[in-house]
Amino acid sequence: MKVIQKVGVLGAGQMGAGIAYVCAAAGYRVALVDKDQESLTKGHEKIQGFSVQYAPANACDQSQKDILGRIEFSLDVNALISSQMVIEAIPENEDLKIEILKHIGTLIGADVPICTNTSALSVTRLSKHVSYPERFMGLHFMNPVPLMPLVELVQSFSTCEDAAHLVSAFVASLGKTAVECADTPGFIVNRLLIPMINEAIYIFAEGAAPVEDIDEAMRLGTNHPMGPLELADLIGLDTCLAIMRRLYEGFSDSKYRPCPLLVQYVDAGRLGRKSKKGFYDY
């Protein structure tokens with residue numbers, strides 16, 4: 001495996017932009033690639049915002065400019081070619097991920113790890129579509145990436161030990177803490193978190209308590225920094241629903257059945273912060 005100097009990040013959304021920022025802040029050169037200029041421009045704006053919001057107290061303007069200067073923004077997927085690691089961070093659409101992972105595999109060498117930032121899809125199933133499945137694994141960052149210290153490492157059935165060690169060392173170099181998990185639906189965090197959010201939606205749908213009181217109860221009663229419904233709006237209700245459906249399909253267990261109100265909110269376009277309306281108005 002190569003020494004990592006440049007990281008390719010595919011997808012300039014909330015997660016991809018955050019991953020690109022923390023990689024650049026750790027000293028890596030980064031190629032951030034997206035399919036259209038609007039997405040790339042928004043990704044650039046997000047990273048500029050991260051530079052202000054998450055900069056260390058003693059950081060100078062020049063150090064923040066240095067971080068931005070290490071990121072190459074590109075519409076051309078060939079910008080990934082010179083990377084020693086590639087992280088796919090496109091939306092949670094399995095067909096789309098398979099299509100792009102197939103293409104990435106034709107661009108880079110056999111010794112370059114490819115990681116997917118999927119939050120719920122089967123890493124093993126995705127690995128079947130990569131040229132060298134032994135170098136492929138899940139690398140699940142938490143949102144917002146610059147703030148959250150955790151990364152879930154998920155090996156497929158084919159991931160080799162060398163690739164796993166390199167990716168684990170890479171995560172440590174970002175100042176993040178890695179936890180390892182088998183390729184099980186939802187991994188660790190989402191298998192615990194999303195059903196809790198789903199249950200909070202059931203409580204609201206049944207009229208047992210209003211949104212504000214459910215969130216207040218969890219903030220003050222369990223010392224959570226954010227209530228489950230406010231958190232759902234931050235994650236995106238469409239994302240929460242997609243993960244619940246993956247859990248329901250993966251385990252065939254009724255305890256993972258998505259709340260009908262969650263389905264209705266998504267159908268109505270009430271997706272949370274991204275649409276300015278969810279369980280709260282923004």
Identify the residue in segment 241-282 that is part of a helix (DSSP H, G or I) and charged (D, E, K, R) and, among all such residues, is surrounded by the most Cβ atoms within 10 Å (Cβ to Cβ).
-> Arg246
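Quickly run through segment 156-170 and pick out the residues that are buried (at least 19 other Cβ atoms within 10 Å of the Cβ) and closer than 19 Å to Ile19 by Cβ.
Ala163, Leu166, Val167, Phe170
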Only one of these is surrounded by fewer than 16 Cβ atoms within 10 Å (Cβ to Cβ), among the charged types (D, E, K, R) and more than 18 Å from the chain's Cα centre (by Cα): Asp95, Asp111. Name it.
-> Asp111
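Table: residues versus (1) without any contact (Cβ under 8 Å) to a residue 60 or more places away in the chain; (2) under 19 Å from Val266 (Cβ atoms).
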residue: Pro195; (1), (2): no, yes
residue: Val211; (1), (2): no, yes
residue: Pro225; (1), (2): yes, no
residue: Leu229; (1), (2): yes, yes
residue: Leu241; (1), (2): yes, yes
residue: Tyr248; (1), (2): yes, yes
residue: Phe251; (1), (2): no, no
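Yes/no matrix, rows are residues, columns are (1) farther than 18 Å from Pro185 by Cα; (2) in contact with a strand residue (DSSP E or B) (Cβ under 9 Å, 6 or more places away or on another chain); (3) in the same structural domain as Gly16 (by TED's automatic domain parsing):
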{"position": "Ile104", "(1), (2), (3)": "yes, yes, yes"}
{"position": "Leu107", "(1), (2), (3)": "yes, yes, yes"}
{"position": "Pro113", "(1), (2), (3)": "yes, yes, yes"}
{"position": "Thr118", "(1), (2), (3)": "no, yes, yes"}
{"position": "Val123", "(1), (2), (3)": "no, yes, yes"}
{"position": "Lys128", "(1), (2), (3)": "no, no, yes"}
{"position": "Met142", "(1), (2), (3)": "no, yes, yes"}
{"position": "Leu153", "(1), (2), (3)": "no, yes, yes"}
{"position": "Val167", "(1), (2), (3)": "yes, yes, yes"}
Could you check Val154 against (1) closer than 27 Å to Leu241 by Cβ; (2) touching a residue at least 24 places away in the same chain (Cβ under 8 Å); (3) out of contact with any Gly (no Cβ under 7 Å at 6 or more places or on another chain) and say which number it fails?
-> (3)
Restricting segment 192-218 to residues that are under 14 Å from Ala232 (Cα atoms) and of a type in the set (D, E, K, R), the residue that is farthest from the chain's Cα centre (by Cα) | Glu212
Kindly indicate whether Asp215 is more than 16 Å from Glu92 (Cβ to Cβ), surrounded by 16 or more Cβ atoms within 10 Å (Cβ to Cβ) and not small (Gly, Ala, Ser).
-> yes
Please verify whether segment 182-198 includes one or more residues that are within 30 Å of Gln5 (Cα to Cα) and crowded, with 19+ Cβ neighbours inside 10 Å.
-> yes
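Restricting the search to segment 11-38, which residues are of a type in the set (S, T, N, Q) and within 16 Å of the chain's Cα centre (by Cα)? Walk me through how you get there before you give the answer.
Narrowing segment 11-38 to residues of a type in the set (S, T, N, Q): 14, 37.
Answer for segment 11-38, where residues must be of a type in the set (S, T, N, Q) and within 16 Å of the chain's Cα centre (by Cα): just Gln14.
The values are calculated or read from the model by the stated rules, or taken from the named source; none is laboratory data. Remember, predicted model here, so these are calculated numbers, not experimental data. Because the Cβ atoms are built from the backbone with ideal geometry, glycine has one as well, and the counts that use them run over all protein chains shown.
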